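Please treat every number below as a calculation from the coordinates, not as lab data. Since we're looking at a predicted model, the values are computed, not measured. Cβ coordinates were reconstructed from backbone atoms using ideal geometry, including for glycine residues, and neighbour counts include every protein chain displayed.
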Amino acid sequence: MAKIITMTSGKGGVGKTTSSAAFGTGLAMRGFKTCIIDFDVGLRNLDLIMGCERRVVFDFINVVNGEARLNQALIKDKRVENLFILPTSQTRDKDALTKEGVEKVLDELKKEFDYILCDSPAGIEKGALMALYFADHAIIVTNPEVSSVRDSDRILGVIQAKSRRAELGLEPVQEHLLLTRYDLDRVEKGEMLKVDDVLEILAIPLLGIIPESPAVLKASNVGMPVVLDDKSTAGMAYSDAVARFLGEKVEHRFLKPEKKGFFDRLLRRTA
Amino acid sequence: MSTQVAYRDAPFQLRGANFTMMVLRVSDPRNPNFFPVLSGKIAQAPNFFRNAPVVLDLDDLPAGVPFDFDNFTGLLRNLGMIAIGLQGGTPEQQQAALKAGLAVLPQAKGKAETFDPLAGTGRSPAQGVHNIQAQPEPPAPVPATPAPAPQPEVIVQRTTMIVTEPVRSGRQLYAAGGDLVVVGPVSPGAELVADGSIHVYGALRGRALAGVSGDQTARIFCQSLEAELVSIAGLYRVSDDMDKDIRRRQVQIYLDNGYLHIDPVTV
């Protein structure tokens, strides 16, 4: 049975698209047929992060409007088997999304895919609502800072009130917390919220902690999901998060400062 | 954007549109050769005239000559032409036209003074107009090329849309019925659409779709090809499939034998 996962946050710039790309790629690497859909109509970026922007012909909105078939719009990833991307339109706005249209596309995808990952836009308006409405799982992307935590709290409320599962009185959407841009040095200095602080406020299961890493920006700029960079701490942390999502017991890594040697300290190594 | 939503929810859409139509100027409907000659004209290009809408113009009709709209439009229909309206005319003629189910169109301004009935017919002046004397000046029946305008004021000229600012991501420009000229760069995620050709005096980094209504002679010109997608009359190519050696070059893109060509422009 296909599962719909929505990557959402309320706040912008916390790493939803980066996480969607990495998490979706991670699921596909585990052998699950996965499709990542960009719901950020008018501000599409997923295709860039996935490095398939040069192959976009038709998009999600074309399929919603019946102007193209799903298979014409789906882009197959060249690096990972079982991975597909459904880019969105840059020239339209969120009003192009309708519940009926989105449901039609998702129902069709469900027949072929194991996981459908919806990359939500920021905010709690139409685009975000459409992305979370059909969700079975919601991954809440949060940065360890107060505004992000408050917005995550808000979006959790929206999921509990306005999702399809809530409206129909079904089993509630399963919520997972993904803490991104976690900078251990700054947490130690008290400049950032600790994991426990965030968990105390949001009170949902912790799926993963992604350490702040220069590899993320580098990967984004070359159009490669960071999970493919298995040398980077962020890439490894995303792999762990995927494993936890699939029910495996994996210790949280990168939560203790590495023992820094004399030369490291001298060179002020950060990554 | 809210108006667009309203449109989408409405059970209909009411929009303006321009059509190119022929005007039939009738000077002597009583001439027994009128319909035979017209029929002969139509036989030269039957596809062009099939179910063609025509607007009647009775300005050349001598005063006092009666005109039976029902009868006349019926005979036109037999020839496959559909009279849809009357241009100008006297108040009486307009009343009669309305009764016969025709629309009344305003008198065209700055009317063309003369019209060469031989234009585009391939007839030489030597052949003259003698054997088509009774002809009520129909437009040239050349189907392949746009008909020369007997009444230019009714015919919409191809219009060019000129944009002199950078076209940002997410913006969509459509030049209906004509060419689109952009003086400035076109960002990734922007979309240029034209019924005619597209000219970009700057880097083309977005999408460009020329000849979207099917004009296979439309072309795309740009000073630096970095486009995400180019298309002419529905044939497209995404940047992934473009040759490396034409990237960032000044190019023209055109169709030849149903194949999309991207050639550097070398002057």
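Descriptive notes on the structure:
- Prolate/oblate/rounded call for the stretch B:18-105, Cα gyration tensor, a/c under 1.5 rounded: oblate
- Multiplying the residue separation of B:Gln107 and B:Asn18 by 0.36 nm and removing their Cα-Cα distance gives an extension gain of 30.4 nm.
- Applying a DSSP loop filter and a limit of 16 other Cβ atoms within 10 Å to the trypsin sites (Lys or Arg not before Pro) in the stretch A:125-198 leaves A:Lys189, A:Lys194.
- For chain A, the relative contact order is 24 percent, taking Cα pairs closer than 8 Å that sit 6 or more residues apart in sequence and dividing their mean separation by the residue count.
- Our analysis of the stretch A:104-145 gives Rg over Rh at 1.03, with the two radii drawn from alpha carbon positions and Rh computed by the Kirkwood formula.
- Computed over the protein assembly as shown, the P(r) curve from all C-alpha pair distances, binned at 20 Å from the origin, holds 18, 36, 26, 14, 5, 0 percent per bin.
- Set A:Lys16/A:Lys194; A:Lys11/A:Lys110; A:Lys126/A:Lys194 screened for pairs whose C-alpha atoms are more than 25 Å apart: A:Lys11/A:Lys110; A:Lys126/A:Lys194
- Bridgeable aspartates and glutamates around A:Lys78 (alpha carbons under 15 Å apart, same-chain partners fewer than 8 residues away excluded): A:Asp47, A:Glu53, B:Asp240, B:Asp241.
- Gyration tensor (alpha-carbon) shape descriptor, the stretch B:159-264, a/c threshold 1.5: oblate
- Loop-located chymotrypsin sites (Phe, Trp or Tyr not before Pro) in the stretch B:13-77, at most 16 other Cβ atoms within 10 Å (DSSP): B:Phe19
- The stretch A:150-269 pair-distance distribution - Cα-Cα, 5 Å bins, rounded %: 2, 10, 16, 18, 19, 16, 10, 6, 2, 1, 1, 0
- Averaged over B:189-198, number of beta-carbon atoms from partner chains that fall within 10 Å: 2
- Rounded FRET efficiency, nearest 0.05, which uses the C-beta distance separating A:Arg30 from B:Asp240 and R0 of 30 Å: 0.65
- Cβ-derived FRET efficiency at R0 30 Å, B:Ala10 paired with B:Thr90, nearest 0.05: 0.15
- Expressed as a fraction of 2.2 N^0.38 Å, the value expected for a compact globular protein of N residues, the C-alpha radius of gyration of the stretch A:135-196 is 1.34.
- Size check on chain A: the Cα extents along the three principal axes, sorted descending, read 62, 39, 34 Å.
- Mean ellipticity per residue at 222 nm, deg cm²/dmol - from DSSP H runs of n ≥ 4 across the protein assembly as shown, formula -39500 (n - 2.57): -8000 deg cm²/dmol
- Our summary gives the stretch A:141-193 a relative contact order of 46 percent, counting only alpha carbon pairs under 8 angstrom and 6 or more residues apart.
- Label point at B:Arg247 placed 7 Å out along Cα→Cβ; residues across the stretch B:164-202 whose backbone nitrogen lies under 18 Å: B:186-189
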